[in-house]
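Here is the structure we will look at, set down as structure tokens.
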Amino acid sequence: MRKSTGRRFLLAGNWKMHATRPETTALIDGIKEAAAKARDRDVLVAPPFTALETAARALVGTTIGLAAQNLHTEPKGAFTGEIAGEMLKDVGCGWVIVGHSERRQYCNETNELVRLKIDAALRAGLTPIVCIGETLREREADNTLPVIERQVREGLAGLSRDAVKNLVIAYEPVWAIGTGKTATPEQAEEAHGAIRRLLREFAGETGAESIRILYGGSVKADNVDALMAQPNIDGALVGGASLDTTAFSRIIAFQ
Ligand code: 13P
């Protein structure tokens, strides 16, 4: 835990559509040592659905958490191809990523759908990791803060203060995802500070101080230290580098 903020850092690996079951076991084996040493921070992995059970087994005896990458809004029913929060809980997940920009972009997920999914996750007893972030066009049009404000306002609409306090937010500028172009620590901190101020409306002043806001977008071993040094950055949501156990171990062990 950071004495200055009272928040524990969270380093999360979003594997996206990568990893068979044998690869899953190897990826987890490769970060166990780093995670065991990182007693003052939380670590989790988000494998694809088909590898969740394998991951849950490989994680026994570790403190690494298990997340899914998506869920459906309903607990069960005639929704061919979908997965419910209850099923994720059953397989051993404690967390679920909601509203990732790739789902917003390729699967037409709206802020309204994100809101329903947050609700569904909380009902199932999962901690949602709610992703927000602007596109390059929005940033170049000077629209970054209005866009993320709208994502927060519409995504969290109607949630109780206690529910909001249980969320993790991930700020992932779309232009930084998978491009090798990281937001500078100052750009990220500006967005994180704005998000935290906005969260006061939803969770109260002390509630907003307790919510973890992760940064995502080309986080690598060589830029993680500077990002994590920012006062409102409480961890990272890591894509590509989480598929390389040496790189992710170094990210977990950031200074
Ligand atoms: P990269 O780390 O590959 O840029 O991906 C970030 C991301 O989308 C994590 O959810």
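The values are calculated or read from the model by the stated rules, or taken from the named source; none is laboratory data. From a predicted model like this one, the values you see are computed outputs, not experimental measurements. Ideal geometry is used to build each Cβ from the backbone, glycine not excepted, and the neighbour counts take in all protein chains shown. What goes into the accessible areas is simple: the full protein's heavy atoms, side chains included, and nothing from ligands, DNA or RNA. Shrake-Rupley method; radii C 1.70, N 1.55, O 1.52, S 1.80 Å.
Some notes on this structure:
- Here the range 90-213 is assigned +1 on the Cβ of each Lys and Arg and -1 on the Cβ of each Asp and Glu. Its dipole about the Cα centre then comes out at about 240 debye.
- L122 accessible area, 1.4 Å probe, all protein chains in place, Å² to nearest 10: 50
- Accessible area in the full protein assembly, largest first, 1.4 Å probe, for F248, F49: F49, F248
- Share of carbon and sulfur in the accessible heavy-atom surface of the chain [1.4 Å probe, %]: 51
- Taking only the Cα atoms of the range 132-255, the radius of gyration and Dmax are 14.4, 42 Å.
- In this Cβ point-charge picture (+1 for Lys and Arg, -1 for Asp and Glu), the range 48-96 has a dipole of about 140 debye about its Cα centre.
- Dividing the radius of gyration of the alpha carbons in the chain by their Kirkwood radius gives 0.93 for Rg/Rh.
- Dipole-positive endmost among M17, I28, V43 within the range 1-64 (Cβ charges, Cα centre): V43
- Most positive-pole-ward Cα, T5, G193, V130, against dipole of the chain from beta carbon charges: T5
- Span from the the range 63-83 Cα centroid across to the the range 109-131 one, whole angstrom: 10
- Taking 0.36 nm per residue of separation and subtracting the Cα-Cα distance, full extension of the segment from Q187 to N143 would add 14.5 nm.
- Summary value for the range 69-155: 30 percent relative contact order, contacts being C-alpha pairs under 8 angstrom separated by 6+ residues.
- Solvent exposure of V152, expressed as accessible area, is near 0 Å², computed with a probe of 1.4 Å over the protein chains only.
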